[in-house]
1. What residues qualify as long-range amide H neighbours of V223, i.e. H under 5 Å apart, gap of 5 or more or another chain, H built at 1.01 Å from N?
2. So what does T26 come to for accessible area, using a 1.4 Å probe and Å² rounded to 10?
3. For the chain, with only Lys/Arg (+1) and Asp/Glu (-1) charged at the beta-carbon, what is the dipole magnitude about the Cα centre, in debye rounded to 20?
4. State, as an integer percentage, the relative contact order of region 114-217 based on alpha-carbon contacts under 8 Å between residues 6 or more apart.
5. Peptides 90-98, 145-153, 241-249: what's the order by average Cβ count within 10 Å, highest mean first?
6. Taking amide H atoms as placed 1.01 Å from N in the peptide plane, list the residues 5 or more away in sequence, or in a different chain, whose amide H sits under 5 Å from that of E138.
7. Where the accessible area of the chain is counted over protein heavy atoms with a 1.4 Å probe, how much of it, in %, is carbon and sulfur?
8. Roughly how many Å² is the accessible area per residue of the chain, as a whole number, for a 1.4 Å probe?
Amino acid sequence: MKKVGTAVSARRRPLVVGNWKMNPPTLREAIRIITGFRRKVGVSLGRVDIVICPPFPYLAALRAKFSTLPLGVQDISAEKEGAFTGQVSAAISKSCGASLAIVGHSERRAAGDGDELVARKLAATLGAGLVAVLCVGETSRDLQGSYLRVLAAQIKASLSGVPADKLNKLVVAYEPVWAIGAGKTAIGPRELLEAALYVRKCLRDTLGAKRGAAVPIIYGGSVDGDNAAALISEGEVDGFLPGRASLDPYQFSEIVAAAASARRRAK
Ligand code: PGA
């Protein structure tokens, strides 16, 4: 399997990042999920970049057991090393097998990560040579469209200081907080399209037209095997960041298959 960093710079190759959050409760179960998923996913694997983000303590064991499976972490310390109890640095993550880090997930923002800390975590991730998946998303929507301002502000605050030579390792995940864990009808392809186009505009405004156009945008929030095909083909996104569905080998493989066939159609 291709390394995710290489693939991300070759834009339009779909990316599916499974965010396991604080699941499953045992390493044994984690191994069972990955084994089940690999049995199901078959031919899609070569056409889509897949990264699994397990809880930190499973990372090294999963790396040892599944040597070619790209792995990532769900959060990262902004600090390099030292007296930071409970934190895990980019270097430690990398040495245990991670090639990617999710930064600024709404569940981390709710736990206190502000824009400034998110920007520092992003810098630490990119500085260590990991792919960074920067999450942005509004908490709720309103008819006046002021939620778009939230997206613009998050993107500007996190990305203004990113050096140009690190941008090929950047992915932006649009994750509306109201759609996370909400179930099947959370977002429609039209709503996603509108937001993805706006995220693209913000990326161009912040990074410049050419660089802003090259950053992959993925979507997260109640993605499953049923809605993934419509969301990727009509929603103008390059992949997904599923949570709950990434713990279910069948659902996750359906999401990967939807991403693979969207790419075939786009060719
Ligand atoms: P969900 O989570 O797919 O369970 O809605 C997505 C996320 O929080 O990344």
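The values are calculated or read from the model by the stated rules, or taken from the named source; none is laboratory data. This one's a predicted model, so the numbers in the text were calculated from it and none came from an experiment. So basically every Cβ, Gly included, is an ideal-geometry build from the backbone, and we count neighbours across all protein chains shown. For accessibility, only protein heavy atoms count, side chains too; no ligands or nucleic acids. Shrake-Rupley method; radii C 1.70, N 1.55, O 1.52, S 1.80 Å.
1. So V223 has HN proximity to G243.
2. 70 Å²
3. That gives the chain a dipole magnitude of about 1060 debye.
4. Worked out over region 114-217, it gives 30 percent.
5. The packing order, highest mean first, is 241-249, 90-98, 145-153.
6. V177
7. Roughly 54 percent, rounded to a whole number.
8. Dividing the accessible area of the chain by its residue count gives 45 Å².
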